[in-house]
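Heads up: the structure comes next, in C-alpha cells.
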Amino acid sequence: MTDRPAKAPDVREARLVIAEHLNRRDNLSGAWWPRSRLAGQELPTVLRAATRRFRLVLGITLNLNEWPGTDIAVDHVGGLRTKVSWYGLPEANLAVLYIDGARRINLLVVPPETPESVALSAMLAASTPGNRSTPQQLLTAAAAEHRK
C-alpha cells in the first residue's frame with residue numbers, strides 16, 4: 001500500500017481585471033474570465049478577489065441564461081455572505097458587482113472557451129477608462145483583431 005499525497009485544493013486566482021479609477025460614465029469597468037460555467041466553482045474566487053480590492057462586496061448579478069444548470073442559491077463566499085442575483089436580460093456577457101457605498105461595477109464576462117489572446121485583449125479594453133462599448137462589441141473587436 002502506497003501513501004498518495006492528497007490532491008491540493010484548486011486555489012487558482014480569479015482572472016479579474018478592474019480599472020484603477022472607477023468612472024460611472026464608462027460602460028464597463030473591468031472584466032472577468034471564468035474557467036468554466038459552473039457558478040458554484042467560479043464565484044468564490046472572483047468574489048474573494050473583488051473583496052480584497054473593495055473590502056465589501058454586497059452582491060453580484062449574473063445572466064442566468066449563461067450559467068446553465070446553476071444552483072441559484074450560490075451565496076456563501078469566504079465566510080461572508082454575498083447576495084447572488086440572476087437576470088435573463090438580453091445583455092449577454094455581463095456581470096454587475098455591487099460594492100460598498102451602493103456603487104456598481106459592470107464587468108465584461110469573457111466566455112471560458114475564449115482563446116487567451118482574444119480574452120486578454122477584451123479584458124484590457126473593458127478596463128480602459130473612457131470605454132463606451134458593450135460586452136458584445138468588445139468581444140467581437142478583440143476576436144477580429146486576432147484574426148488578422
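Please treat every number below as a calculation from the coordinates, not as lab data. Please read all numbers here as calculations on a predicted model, not as lab measurements. Here Cβ is always computed from backbone atoms with ideal geometry, including for glycine, and neighbour counts include all displayed protein chains.
Using only C-alpha atoms and all pairs of different ones, pull out the Kirkwood radius for segment 23-147 in Å with one decimal.
In segment 23-147 this quantity evaluates to 14.8 Å.
Computed from the Cβ-Cβ distance with R0 of 25 Å, the FRET efficiency linking W86 to N23 stands at 0.40.
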